[in-house]
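*Asks:* Below you'll find the structure I mean.
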Amino acid sequence: MMSLGALSVALASLGRLTLTTGSADQQTLRLMLDNLAQFAGLPLFALAVPARAWALDWSRAAWGRWLLGFFALFELFRRFGIGELYGQGLAVAICLALLAGVLKGYRGTAFATGLVAVVMAGAALLVLGPTALVAGYEQEALYRPALGAFLLFLSFDVRRRGDSGG
């Protein structure tokens, strides 16, 4: 699941780089990719970290239910008109889940890189990104590199152990 979450972030970043014309279709696709990464991919990735730390071996069907739940919550809150508040709450929950997973499951140098990853995720999601808790600090130019650094630092331990996290 960590790879699926990282793939959604990579696709959203690729969409930002390649879908640059002002056509409505490209803008819609870019928004869909951004929403997929923000409201489904990142929560799945963040959920996989504590699941791996607590050695929870969920089936593919269970992961699919989590994904459907994230889709349903996004649509529900969007229809209620509080999508921005949902995004902010989800960003906080993602950071807390990552922190819990790193504190529980990482040791040695992986712990240090895991904490750096959590700080990068917090900076990206809570300060620089579209769901920033601090108004006026949103920076698209820094948001995507911070997300990339977060994924890179958190993947060091996964690559070394040969674990896909899901």
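The values are calculated or read from the model by the stated rules, or taken from the named source; none is laboratory data. Owing to the predicted nature of the structure, the values given are computational and were not obtained by experimental measurement. Neighbour counts are summed over all protein chains in view; Cβ atoms, including those assigned to glycine, are modelled from backbone coordinates with ideal geometry.
*Asks:* Mind telling me which of the residues Leu33, Leu29, Leu67 ends up being over 20 Å from Ala100 (Cβ atoms) and exposed (fewer than 15 other Cβ atoms within 10 Å of the Cβ)?
*Replies:* Leu29
*Asks:* Please state which one of Ala110, Ala100, Ala146 is farther than 21 Å from Ser13 by Cβ, modelled with pLDDT of 90 or more and either among the hydrophobic types (A, V, I, L, M, F, W, C) or surrounded by 15 or more Cβ atoms within 10 Å (Cβ to Cβ) (or both).
*Replies:* Numbers: Ala110 fails: modelled with pLDDT of 90 or more; Ala146 fails: farther than 21 Å from Ser13 by Cβ.
Testing whether each residue is farther than 21 Å from Ser13 by Cβ, modelled with pLDDT of 90 or more and either among the hydrophobic types (A, V, I, L, M, F, W, C) or surrounded by 15 or more Cβ atoms within 10 Å (Cβ to Cβ) (or both) leaves just Ala100.
*Asks:* Say whether the condition of being polar (S, T, N, Q), closer than 22 Å to Ser13 by Cβ and assigned to a helix (DSSP H, G or I) is met by at least one residue in the range 80-88.
*Replies:* Start the filter on the range 80-88 by keeping residues that are polar (S, T, N, Q), which leaves 88.
With the extra rule that they be closer than 22 Å to Ser13 by Cβ, the set shrinks to 88.
Checking the rest, the ones that are also assigned to a helix (DSSP H, G or I) come to 88.
Within the range 80-88, one or more residues are polar (S, T, N, Q), closer than 22 Å to Ser13 by Cβ and assigned to a helix (DSSP H, G or I).
*Asks:* Would you pick out the residues in the range 22-31 that are of a type outside the set (S, T, N, Q) and either at pLDDT 95 or above or not in a helix (DSSP H, G or I) (or both)?
*Replies:* Of the residues in the range 22-31, the ones of a type outside the set (S, T, N, Q) are 22, 24-25, 29-31.
Scanning the range 22-31 gives a single hit, Gly22.
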